[in-house]
Amino acid sequence: MKKLFLIFGVILLLSSMGLAQFTFYLIDNFESGEFTEGPKWWRFGDLKVELVKNPSLEVRDLIAESCGDYALKFSGQAKQWYVGGIGTDLGVDASRYARFQIDIAGSKDAQGKLIVEFFDDDNQNYSIEQDAKNNYAPVHDDKWVAEIKIQGRGFTRTSIPFSAFHDVNPGVGDDIWNPDQKDGSGGLLKMQLVAISEEQQGEVDFAIDNLLLTY
Ligand SMILES: [Ca+2]
Ligand SMILES: [Ca+2]
Ligand SMILES: [Ca+2]
Ligand SMILES: [Ca+2]
């Protein structure tokens, strides 16, 4: 009987692993142990980024466990609330997903928010053309934005439905959330995360982990 349970358990595990490959798209969990600016991420503004040991190691719960050994720490001083951010190229057909999920560990003193920005390709060229003279605003493609308020210490998991993102450039792109790779469109091409302080001259201090697209 025990053996039967074991076999059943293994089958269940294998099938859930198989399913997992299709139920989410991992953007990053920082488990490689290094954060290199360059091919994968770029950084802007005065934000300092640093790969750190999982800040929740002493507070063991399910979400903290799933954050593994490393997380990415954001810190820095705000100028007019704004600190800076990081970005990455996605180039993914996100039409099969419905949400963006992220784990964030805040700190005792510094609060603030994280702005999540997505860019979908609307002129079928696998590229986000941006106007360097106008704060790098997209010229032909949609920019979608949602905000996450940073909570206190320990990891908080936030899952935002794509429907909660709003198009911040009406009239540019087609103003429709269409991150699919069809008819020549590159789909969801790019994501940026921007750290904002709670105070005008304040600071930010939090860590992020397990960035993914999911159902
Ligand atoms: Ca991690
Ligand atoms: Ca484009
Ligand atoms: Ca638009
Ligand atoms: Ca669009």
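Out of all DSSP beta bridges in the range 46-183, what portion is antiparallel? Express it as a percent rounded to 5.
Values: 26 of 26 bridges.
Given both bridge residues lie in the range 46-183, the antiparallel proportion sits at roughly 100 percent.
What are the chymotrypsin sites (Phe, Trp or Tyr not before Pro) within the range 45-135 that DSSP puts in a loop, where the Cβ has at most 13 other Cβ atoms within 10 Å?
On the way: sites: 70, 74, 81, 82, 97, 100, 118, 119, 126; in loops: 81, 97, 126.
Of the chymotrypsin sites (Phe, Trp or Tyr not before Pro), the ones in loops of the range 45-135 whose Cβ has at most 13 other Cβ atoms within 10 Å are 126.
I'd like the FRET efficiency for residue 174 and residue 214, computed as 1/(1 + (r/R0)^6) with the beta carbon distance as r and R0 of 30 Å, rounded to 0.05. If you can, show how the numbers build up before the last one.
Working: r = 25 Å, r/R0 = 0.83.
Between residue 174 and residue 214 the formula returns 0.75.
To make sure I understand the rule: partners must be aspartates and glutamates, Cα under 14 Å from the Cα of residue 113, and not fewer than 8 residues away in the same chain. Which ones qualify?
Within the straight-line cut-off, residue 113 pairs with 103, 147, 198, 199, 203, 205.
Filter the trypsin sites (Lys or Arg not before Pro) in the range 154-215 to those in DSSP coil with at most 10 other Cβ atoms within 10 Å of their Cβ, and list the result. All intermediate terms of the calculation are to be shown ahead of the outcome.
Details: sites: 157, 182, 190; in loops: 182.
Those satisfying the criteria are 182.
Kindly state, as a whole number, the per residue volume in cubic angstrom of the convex hull around the alpha carbon atoms of the chain. Can you show the working numbers first?
Details: hull volume 30.0 nm³, N = 215.
Given the Cα convex hull of the chain, per-residue volume reads 139 Å³.
Report, in debye and to the nearest 20, how large the dipole of the range 24-214 comes out about its Cα centre when Lys and Arg carry +1 and Asp and Glu carry -1 on their Cβ.
Working: 18 positive and 33 negative charges, 100 e Å.
Roughly 480 debye, rounded to the nearest 20.
What FRET efficiency, computed as 1/(1 + (r/R0)^6) with R0 = 41 Å and r the Cβ-Cβ distance, is obtained for residue 182 and residue 50, rounded to the nearest 0.05?
On the way: r = 39 Å, r/R0 = 0.96.
With R0 = 41 Å, the Cβ-Cβ based efficiency is 0.55.
Which ³J(HN,Hα) values in Hz, rounded to whole numbers, follow from the phi angles of the range 146-153 under the Karplus curve 6.51 cos²θ - 1.76 cosθ + 1.60, where θ = phi - 60° and Gly and Pro get x?
Running phi through 6.51 cos²θ - 1.76 cosθ + 1.60 with θ = phi - 60° gives 9, 10, 10, 7, 6, 8, x, 6 Hz.
Grab the Cα-Cα distance for residue 200 and residue 23, subtract it from 0.36 nm times how many residues apart they are, and report the gain in nm with one decimal.
Details: separation 177, 0.36 × 177 = 63.72 nm, distance 3.97 nm.
This chain segment gains 59.7 nm when fully extended.
Please go through the residue pairs 108/143; 133/182; 48/143; 143/182; 53/149 and name each one whose alpha carbons sit more than 26 Å apart in this structure. Could you put the intermediate results ahead of the total?
Details: 108/143 32 Å; 133/182 31 Å; 48/143 24 Å; 143/182 19 Å; 53/149 23 Å.
Violating the 26 Å Cα-Cα cut-off are 108/143; 133/182.
Bear in mind that the values in this text are calculations on the coordinates, not laboratory data. Everything quoted here is computed from the prediction, not taken from an experiment. So basically every Cβ, Gly included, is an ideal-geometry build from the backbone, and we count neighbours across all protein chains shown.
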